[in-house]
Amino acid sequence: MAKQSPPMVVRPYQLMCIVCRLGAKTNDKYYFPERLNAIERLIRKNPDSPLALRCNVDTVFRYQNPGRKYDTPEGRLFNDKRDLAILQRLGMAPGDTRPARDIFKRLIDAINNSKGICGAYEGVRSVTWRGCRLAADGNYARGCTIGRTAVIPARCADEKARAKKNSVREIYRAKILKIRPHHLLCMTCFHGGKTNLAPIQEDNLFEVIDVMQKNPAIRVKLVAGPCIICPPCSAYNPKQNLCFTSGMRDQQKDLDTLQFIGLKYGAVLPARKLLRLIYARIPSTKMVCAYRDGIRRAPEWHICNDPEGSQNYTKGRAAGLGVIKPK
Ligand code: SF4
Ligand code: SF4
Ligand code: SF4
């Protein structure tokens, strides 16, 4: 694995300013352009680079205070309030570190306008709270409409189509199917008890089910990380063999699945035996995809589907995925 650089320290407002610049209609002057350029360059080069969101506070979080070097001229109180307001909307704390991709998604999902955060405060006229001169210009809101893919481009459609074609060919030729554990549950949700399944562009769930239905004895190897289901997915990074989204919760789902079925990565079983084991030990996705108690505790720990368990999984399990006889 390539050596990971230390996180780049970023003031929360600087992320908003990067988006704001994208939406600027005129040559507006942005403060500390070299710093904004450096952050943007790093993100464009590697969107998975870690960013540490640090800001100046008076509280026990002051261990991470970055200093005043990048305060903009509107004053100390304004600078402190703006950064904290952004962190509050992101549901993060001073010093939190995340991959740039995660933070940008969260920023654009959580804040679609600079009004009330960077200035243009309702009913306020005082000099102390005059805020940023660009807060009411709509640059940030415009930047949001193009921001996510302008800074972090989406995976190219042609490249995904090629990945689909090549990976499907490999699946139908494979003697052994390498699958991450929780994707066996996702296959079951995808099946959902239906008899008219069809392939989709975004993943290879259909093809793997099809191979198992035609040959229930085909061997399956349980592997860590992205697997044969992933190559055409928009969230898949083929260069690094990484999933852009949901890294932590997918790993947790894999480990929970392994724990319930009492196996480890590298285990090889015939598909029918593995499915029997999974359906006997995991009657509901609530046990794996909703952390057993169905409680979503943070955005990073999002719950896929119904917190009480996916109905499609129940139906797909009852149908034995069309691979094993339902009990
Ligand atoms: S309004 Fe000002 S502080 Fe806010 S994002 Fe735009 S330039 Fe940055
Ligand atoms: S509920 Fe779980 S098993 Fe079903 S699709 Fe979502 S992540 Fe996959
Ligand atoms: S790349 Fe990620 S989101 Fe896409 S199928 Fe694989 S694990 Fe799921």
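Quick notes on this structure:
- Some residue of segment 60-69 being of a type in the set (Ser, Thr, Tyr), modelled with pLDDT of 95 or more and surrounded by fewer than 16 Cβ atoms within 10 Å (Cβ to Cβ): yes
- Filter pass, THR59 being touching a residue at least 40 places away in the same chain (Cβ under 8 Å) and of a type in the set (Ser, Thr, Tyr): no
- Hits in segment 247-290 (condition: in a loop (DSSP other than H, G, I, E, B), under 19 Å from SER310 (Cα atoms) and touching a residue at least 40 places away in the same chain (Cβ under 8 Å)): ILE282, THR285
For every residue, the table says whether it meets (1) at pLDDT 95 or above; (2) open to solvent by less than 40 Å² (accessible area, probe 1.4 Å).
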{"residue": "GLY262", "(1), (2)": "yes, no"}
{"residue": "ARG281", "(1), (2)": "yes, no"}
{"residue": "ARG297", "(1), (2)": "no, no"}
{"residue": "CYS304", "(1), (2)": "no, no"}
{"residue": "PRO307", "(1), (2)": "yes, no"}
{"residue": "SER310", "(1), (2)": "yes, yes"}
{"residue": "THR314", "(1), (2)": "yes, no"}
{"residue": "GLY320", "(1), (2)": "yes, yes"}
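- Output for segment 227-247, where each listed residue is of a type in the set (Gly, Ala, Ser) and surrounded by 15 or more Cβ atoms within 10 Å (Cβ to Cβ): ALA235, SER246, GLY247
- Looking only at segment 194-215, residues that are surrounded by 18 or more Cβ atoms within 10 Å (Cβ to Cβ), more than 17 Å from the chain's Cα centre (by Cα) and in a loop (DSSP other than H, G, I, E, B) come to 1 in all.
- Subset of segment 211-257 (residues that are small (Gly, Ala, Ser), under 23 Å from SER49 (Cα atoms) and touching a strand residue (DSSP E or B) at 6+ places or on another chain (Cβ under 7 Å)): ALA235
- In the set (1) of a type outside the set (Gly, Ala, Ser); (2) away from ligand 2 (no atom under 14 Å from the Cβ); (3) not in a helix (DSSP H, G or I), ARG296 fails one condition alone, (2).
- Residues in segment 62-115 that are in a loop (DSSP other than H, G, I, E, B), closer than 26 Å to ILE146 by Cα and without any contact (Cβ under 8 Å) to a residue 24 or more places away in the chain: none.
- Per the listing ASP293, ASP250, the residue uniquely open to solvent by 60 Å² or more (accessible area, probe 1.4 Å) and acidic (Asp, Glu) is ASP293.
- Among the candidates ARG148, ARG155, ARG142, ARG133, residue that is in a loop (DSSP other than H, G, I, E, B), out of contact with any strand residue (DSSP E or B) (no Cβ under 6 Å at 6 or more places or on another chain) and open to solvent by 60 Å² or more (accessible area, probe 1.4 Å): ARG133
- Inspection of segment 174-191 identifies at least one residue that is within 15 Å of ligand 3 (Cβ to nearest atom), surrounded by fewer than 19 Cβ atoms within 10 Å (Cβ to Cβ) and of a type outside the set (A, V, I, L, M, F, W, C).
- Count of segment 153-173 residues which are within 14 Å of ligand 3 (Cβ to nearest atom), closer than 28 Å to ASN46 by Cα, at pLDDT 95 or above and of a type in the set (A, V, I, L, M, F, W, C): 1
The values are calculated or read from the model by the stated rules, or taken from the named source; none is laboratory data. Please read these numbers as outputs of a predicted model, since none were measured by experiment. Glycine gets a Cβ as well: all are built from the backbone with ideal geometry, and neighbour counts include every protein chain shown. To get the accessible areas, we keep the full protein, side chains included, count just its heavy atoms, and leave off ligands, DNA and RNA. Shrake-Rupley method; radii C 1.70, N 1.55, O 1.52, S 1.80 Å.
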